[in-house]
Amino acid sequence: MTVLSAQNITKTYGGVTALADGSLNVEPGSVHALLGENGAGKSTMVKVLSGTIRPDSGTLTLDGSPVAFHSTADAVGHGVAVVSQELNLFPDLDIIANLFPLREPRRGPFLNRGAMVEAARPILSELGLNVDLRTLVRELSLGQRQLVEICRALLTKPRVLILDEPTSALDRDGSDRLLGILQVLRDRQVGVVFVSHILEEVMQLCDTITVLRDGRTVLSGADRANLEIDDIVSAMLGPRPEAVAAAEAAPRTVRSEIELNLRDVSVDDVLTGVNLQVHAGEIVGVTGLAGAGHLAVLELVAGLRRPTSGTVRLPGDRPVPRGLRRAIGAGVAVVSGDRRGRGLMLDQPIWQNIGQVRSVGLSRDGLVVRGGALRNRARGHVDRLRIRCRDVEQRVGLLSGGNQQKVVLAKWLDASPTVLLLDDPTRGVDVGAKAEIHDLIRTAADDGAVVLLASTDLEELTTACDRVLVFHRGRVVAHLSGSDLDQHTIVRISNTGNGN
Ligand SMILES: Nc1ncnc2c1ncn2[C@@H]1O[C@H](COP(=O)(O)OP(=O)(O)OP(=O)(O)O)[C@@H](O)[C@H]1O
Ligand SMILES: [Mg+2]
């Protein structure tokens, strides 16, 4: 029994084929994972299913009858709700106004805000968002906005709920809550489509799996119980030339001089007596629960915060200049997985975005002369990171979410930073590209950069870092390395604060 079905969907944009022959069936009471590499066509399929775009060809059926949604609102009217990858909220309106954009319960001529609050509050608290509903959306963090968007979809009481990378902006607690809610919806016979690059949560949650590769369905509605993560990865990546396993054995080049030095650093209510020394060539992870203080360390080094006491020194024993712009001038790079905070010029070509940081130092007419060189460098990054695009002239705004994230990385790596600050650098990036990005980070370290890596991805912390510092309530409570550096230990200490 299929409630919503897309068959043999094609969609092209100019010369780019986003979906070549994509199919997906949504069953009630079942969670269907839609997987594939960055640019494979997942969001395009989501947009077709939810009425955001019309396909070039192919059929959409609802309860067995052909249907064409004219808009997402039309789809909602048919019981199909979507949480899109790029959030669609009005930043200057409050939470309540965003939750009821089209279907406000009305009392006489006035909007009945009381009824809205009553309807929204239990859902938001189940999602873990406990803020005043009159808060403007622009004052919310990315994760909080994601929860508002999820709540908005849930309020429509959909029969089919489609979520495009809903957990990529959420912390562990938020993700766990959402997965719990989706299980409840499944029990209530809702059909759920779930797009994610986090394969562990996919295996935990989903009943069936469809994999797209280059816009084609290469695994169609397969039973999760019959699949291992390796099977899914193989389907996603397809046949690939053998990876060169040469650099593996090269010894680590950690040098003895300390390049980044935090001595007895405190920030009121945020950090207490933090000592952190990083050598050139080292990748040091920092982690903890939300608000534990590890992200404040990155902000201190980026010039976004000043310590109340203690000292922070950059390579060459220099102080941190005030403000992000000056810190960047001093060789600091800040890569964030936060889609909004990544500072891409969406309507500019890829090559200009990649050359952006590096060309800050070049004179105005120098930039014109160097256009060709910047394009060439950009092409190198596009190849290395496998950024899926037509060519480097393509506007960044037209790339898929994960490919935009790769451009952010390329931009910062291109500037050859001496201090590389990474905050969830591979959010939304597929498994294949993730390993390559970790290699590139390692190369930057081998070239002498100091790397601080904050991540909510435990596997990233344990595989990409030389050592990891766990924060709890503003203090460093554990230094993990070697055999102590494992996911279980990180979770235990993050939650308990007990490093012994
Ligand atoms: N409006 C558009 N104009 C041009 N190309 C587009 C447009 N939308 C998508 N594409 C292209 O279609 C392809 C599929 O994109 P899509 O967003 O569906 O990928 P995805 O599987 O969701 O990837 P990700 O995991 O990175 O989110 C990509 O190559 C993308 O660049
Ligand atoms: Mg996408």
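If R0 is 22 Å, the Cβ-Cβ spacing of N376 and S416 corresponds to a FRET efficiency of close to 0.85.
For the chain, the longest principal axis of the alpha carbon atoms and the long axis of helix 401-414 meet at an angle near 10°. Here the contact order of the chain, divided by its residue count and restricted to Cα pairs under 8 Å and six or more residues apart, works out to 16 percent.
Among the trypsin sites (Lys or Arg not before Pro) found in region 155-201, those both in a DSSP coil and sparsely packed, with 14 or fewer other Cβ atoms within 10 Å of their Cβ, are R188.
With a Förster radius of 30 Å applied to the C-beta separation of T61 and Q204, the computed FRET efficiency comes to 0.50. Rounded to the nearest 10 degrees, the inclination of helix 113-127 to the longest alpha-carbon principal axis of the chain is 60 degrees.
For T272, the shell of other residues with beta-carbons less than 10 Å away shows a net charge of -1, using +1 for Lys and Arg and -1 for Asp and Glu. The DSSP beta bridges internal to the chain are antiparallel in roughly 55% of cases.
Extension gain for the segment Q189 to N8, taken as residue separation times 0.36 nm less the Cα-Cα distance, is 62.6 nm to one decimal. Over 22 Å apart at the Cα level, from the set K42/K406; K11/K411; K11/K157, are K11/K411; K11/K157. Sorted on the mean count of surrounding Cβ atoms within 10 Å across their residues, most packed first, peptides 27-38, 79-90 read 27-38, 79-90. Shown for the chain: the carbon plus sulfur share of the solvent-accessible area, taken with all protein chains present and a 1.4 angstrom probe, equals 50%. Using Cβ point charges alone (K and R +1, D and E -1), the dipole size of the chain about the Cα centre works out to roughly 1560 debye.
What is the sum of charges around V82, taking Lys and Arg as +1, Asp and Glu as -1, for the other residues whose C-beta is under 11 Å from the C-beta of V82? The answer is 0.
Please report the net charge: other residues with Cβ closer than 11 Å to the Cβ of V190, K and R +1, D and E -1. Here the charged neighbours net out to +2. Averaged over its residues, the chain has an accessible area of 45 Å² per residue, based on protein heavy atoms and a 1.4 Å probe. Report note on the peptides 470-481, 450-461, 126-137: ranked by the mean count of other C-beta atoms within 10 Å, highest first, their order is 450-461, 470-481, 126-137.
The values are calculated or read from the model by the stated rules, or taken from the named source; none is laboratory data. All figures in this text were calculated on a predicted structure; none of them were measured in a lab. Because the Cβ atoms are built from the backbone with ideal geometry, glycine has one as well, and the counts that use them run over all protein chains shown. Accessible surface is based on the protein model in full, side chains and every heavy atom, while ligands, DNA and RNA are left aside. Shrake-Rupley method; radii C 1.70, N 1.55, O 1.52, S 1.80 Å.
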